[in-house]
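The values are calculated or read from the model by the stated rules, or taken from the named source; none is laboratory data. Please read these numbers as outputs of a predicted model, since none were measured by experiment. Cβ: placed from backbone, ideal geometry, glycine included. Neighbour counts: every protein chain shown. Ligands, DNA and RNA are excluded from the accessible area calculation, which covers all protein heavy atoms including side chains. Shrake-Rupley method; radii C 1.70, N 1.55, O 1.52, S 1.80 Å.
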Amino acid sequence: IIVNIVKYSIGGPAFGLACGFLSVLLLNRINNELEVEISFTFGLAYLVFYVADVELGVSAVLALVAMGLYMSKYKYCISSNVQPSMANAWRITTYFVNILIFTITGLILAQSFIG
């Protein structure tokens with residue numbers, strides 16, 4: 001049990017920090033490319049979650065949190081012209097994902113109460 005706890009609690013953040021470091025390096029090389037930078041951050045989030053969870057077997061949530069914290073510390077690696085648009089894109093995405101999660105949860109609960 002202790003080995004699994006250590007694996008999840010240290011492996012996930014370590015992988016997230018490594019991915020955050022690499023993403024900051026890559027984002028520093030991209031300059032004022034709106035679509036590329038936004039697509040990169042969306043794709044990176046899904047890729048890190050998948051690799052951490054499925055391939056490495058570490059905590060994917062902790063990996064994403066660690067990567068997000070690292071990237072927020074170095075947020076100026078994203079072009080200043082792109083930052084407002086990226087913030088809006090992520091805000092809209094989280095809004096729709098929250099709606100989807102609560103709708104599916106409501107449907108599952110309704111089905112379990114009725115059926």
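At a glance:
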{"item": "Residue within the range 71-78 that is over 25 Å from residue 17 (Cβ atoms), of a type in the set (Gly, Ala, Ser) and surrounded by fewer than 12 Cβ atoms within 10 Å (Cβ to Cβ) present", "result": "no"}
{"item": "Hits in the range 12-44 (condition: out of contact with any Cys (no Cβ under 9 Å at 6 or more places or on another chain), open to solvent by less than 60 Å² (accessible area, probe 1.4 Å) and within 16 Å of residue 69 (Cα to Cα))", "result": "12, 13, 14, 15, 16, 18, 19, 20, 41, 42"}
{"item": "Residue in the range 49-60 that is of a type in the set (Gly, Ala, Ser), open to solvent by 40 Å² or more (accessible area, probe 1.4 Å) and either under 25 Å from residue 32 (Cβ atoms) or within 16 Å of the chain's Cα centre (by Cα) (or both) present", "result": "no"}
{"item": "The range 1-33: number of residues that are modelled with pLDDT of 90 or more and of a type in the set (Val, Ile, Thr)", "result": "2"}
